[in-house]
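Trainee: For reference, the structure I am asking about is given below.
Derivation of every value follows stated rules applied to the coordinates shown; laboratory data play no part. No experiment lies behind these values; they were computed from the predicted model shown. Heads up, the Cβs are rebuilt from the backbone with ideal geometry, glycines too, and the neighbour counts pull from every protein chain shown.
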Ligand code: ARG
């Protein structure tokens, strides 16, 4: 491919080069198209860094004021969409520095990068950006959990089948199912707090890799940028992308949880189940079949978990064989990370919308409860009379078999004589077993289906989000 003109003065690193850059290489190398979303973090990092330079006497007060004035103008340009990108603006760092030179003169702007490298600069920008995005997501996740808890409280009376292997297993409360998903998400919330802690440490003042030659006050910089700590090794500071991996893992796990929740709801919304109805706001129709109402919101929530994890896996592969400190491979962190952040945030908001607007059909849930789901309760009945569980499990199985083989509609329809023929320890009170509400209310131990136990779960969840 043809080369462009001789190396330009517009390149920050132009001095050492004599050949021109292949135009495709320019494109291949450039990250501005996607890293410009960090413009505010980049400008803020420079604002604080230059203040630290001034404290060292490397900038005068007047120069610093000029720089800060220029940075504000650049911020306004980005914010109102008037920033003009120029050829040679390789990334957000070079673009901002180039523009600063145009606005306040290269003489002063040329001092900004003293002791700093794009290596500690980009690591700083990324951490600031991720911290702020994750903090917004944290609020959204709290709101989602709150919606689930509210629903669970107001719909605590509703019973439904609980499933294992997607086969009817035992009756549970709908609120218990809701609380299951809130429990996973509450763990995600706690996990997120820890991720943010590790994201929020300062690399700035580490230079390209070897540290700062003028003894810059890294603590001052970290405090001003509201970091909670400092990365204590300059080599690590410029190359550590574990925070990117962790952020994407966190997002992948959240989407995994939302995918499971969605999968249940998709099943529950089918005509065959009919447990719930999705609001129109989160459904779409078919272009061919007029009667269709499809749960696209839930299918996308389920599908996007693959995308989020794919980004994580891809970046892990980029990262795994890089030599120590900065290598350009690290630039590959941005597109997957930014996509992951947006996808996770949107998904949480969509899930909140879906869960706050869907309609439950309690009659359908109730109708799906069948007496065989109380076979375990029947076994427990004899356990309460002193029979070992292994034996009662077998006896209860015989009752299920007898009902099936005599074409009786359920184990509650067998007569006392039939029960006594299976085991003489059955008495008249056996029929009290066949009550779904009573079954659910028997499970009072922590984490169970009894109303008191579910309310306790909800209280705990509320503590976690408060
Ligand atoms: N755009 C680069 C990145 O995202 C900035 C750091 C460039 N550093 C370098 N030594 N070329 O990683």
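Trainee: Run the numbers on the range 291-385 and let me know its relative contact order in percent, using alpha-carbon pairs under 8 Å that are six or more apart.
Mentor: The normalised contact order for the range 291-385 reaches 30 percent.
Trainee: From zero outward in steps of 5 Å, how is the percent of C-alpha pairs of the range 2-103 spread across the bins?
Mentor: All Cα pairs, binned at 5 Å, distribute as 2, 12, 20, 20, 17, 14, 10, 4, 1, 0 percent.
Trainee: Another question about this same structure. Using alpha-carbon pairs under 8 Å, 6+ residues apart, how would you state the relative contact order of the chain in percent?
Mentor: 15 percent
Trainee: Just how far, in whole angstrom, is the range 336-354 from the range 263-303 if you go by their alpha carbon centroids?
Mentor: For the range 263-303 versus the range 336-354, the Cα centre distance is 19 Å.
Trainee: With both partners inside the chain, how many of the DSSP beta bridges are antiparallel, as a percent to the nearest 5?
Mentor: Values: 9 of 11 bridges.
Approximately 80 percent, going by the DSSP bridge assignments.
Trainee: Against the longest principal axis of the chain, how steep is helix 118-154, in degrees 0 to 90 to the nearest 10, with axes from Cα atoms?
Mentor: Relative to the chain, helix 118-154 is tipped by roughly 20 degrees.
Trainee: How far apart, in nm, are two points set 7 Å out from the Cα along the Cα-to-Cβ line at residue 405 and at residue 140?
Mentor: My value for the distance between the label points is 5.8 nm.
Trainee: With no solvent and one equal point scatterer per Cα, compute the Debye intensity ratio I(q)/I(0) for the chain at 0.05, 0.11 Å⁻¹ and report its log10, rounded to two decimals.
Mentor: Here log10 of I(q) over I(0) equals -0.32, -0.95.
Trainee: Could you tell me the calculated FRET efficiency between residue 366 and residue 60, based on Cβ-Cβ distance and R0 = 56 angstrom, to the nearest 0.05?
Mentor: Working from the Cβ atoms, E equals 0.10.
Trainee: Continuing with this model, one more query. Quick one: 49, 163, fewest Cβ neighbours within 10 Å first, how do they rank?
Mentor: 163, 49
Trainee: Which order results if 197, 272 are arranged by neighbouring Cβ count within 10 Å, fewest first?
Mentor: On the way: 197 12, 272 8.
Fewest-to-most Cβ neighbours within 10 Å comes out as 272, 197.
Trainee: Next question, about the same structure. Mind running the shape call on the range 365-421? Use the C-alpha gyration tensor, a ≥ b ≥ c as the square roots of the eigenvalues: rounded below 1.5 for a/c, prolate if a/b tops b/c, oblate otherwise. Numbers along the way, then the final one.
Mentor: On the way: a/c = 2.13, a/b = 1.31, b/c = 1.63.
Taking the square roots of the gyration eigenvalues as a ≥ b ≥ c, the range 365-421 is oblate.
Trainee: Set the Förster distance to 41 Å, then compute FRET efficiency between residue 22 and residue 293 from the Cβ-Cβ distance, nearest 0.05.
Mentor: Efficiency for this residue pair is about 0.20.
Trainee: Can you compute the helix-only [θ] at 222 nm over the chain? Use -39500 (n - 2.57) per DSSP H run of at least 4 residues, normalise by all residues, nearest 500 deg cm²/dmol.
Mentor: Rounded to the nearest 500, the figure is -19500 deg cm²/dmol.
Trainee: Put a dot 7 Å past each Cα toward the Cβ at residue 451 and residue 37; how far apart are the dots in nm?
Mentor: Going by the 7 Å Cα→Cβ label model, 4.7 nm.
Trainee: Please tell me the relative contact order of the range 27-158 in percent, rounded to the nearest whole number, where contacts are Cα pairs under 8 Å and at least six residues apart.
Mentor: Numbers: 86 pairs, mean separation 42.7, N = 132.
Here the relative contact order equals 32 percent.
Trainee: Based on alpha-carbon centroids, what's the gap between the range 109-161 and the range 13-43 in Å, whole number please?
Mentor: Answer, in whole Å: 28.
Trainee: Moving on to the next point. Which order do the peptides 342-353, 37-48 come out in when sorted by mean C-beta neighbours inside 10 angstrom, highest first?
Mentor: Highest mean packing first, the order is 37-48, 342-353.
Trainee: Determine the gain in length on full extension of the stretch residue 217-residue 320; use 0.36 nm per residue of separation and subtract their C-alpha separation, reporting nm with one decimal.
Mentor: 33.8 nm
Trainee: Here's another thing I want to ask about it. What fraction of the DSSP beta bridges in the range 97-249 is antiparallel, stated in percent and rounded to the nearest 5?
Mentor: So the antiparallel bridges amount to about 75 percent of the total.
Trainee: In which sequence would 380, 91 go, from the one with the fewest C-beta neighbours within 10 Å to the one with the most?
Mentor: Exposure proxy ranking, most exposed first: 380, 91.
Trainee: How much length would be gained if the chain were fully extended between residue 328 and residue 438, taking 0.36 nm per residue of separation minus their Cα-Cα distance, in nm to one decimal?
Mentor: Going from the current span to full extension adds 33.2 nm.
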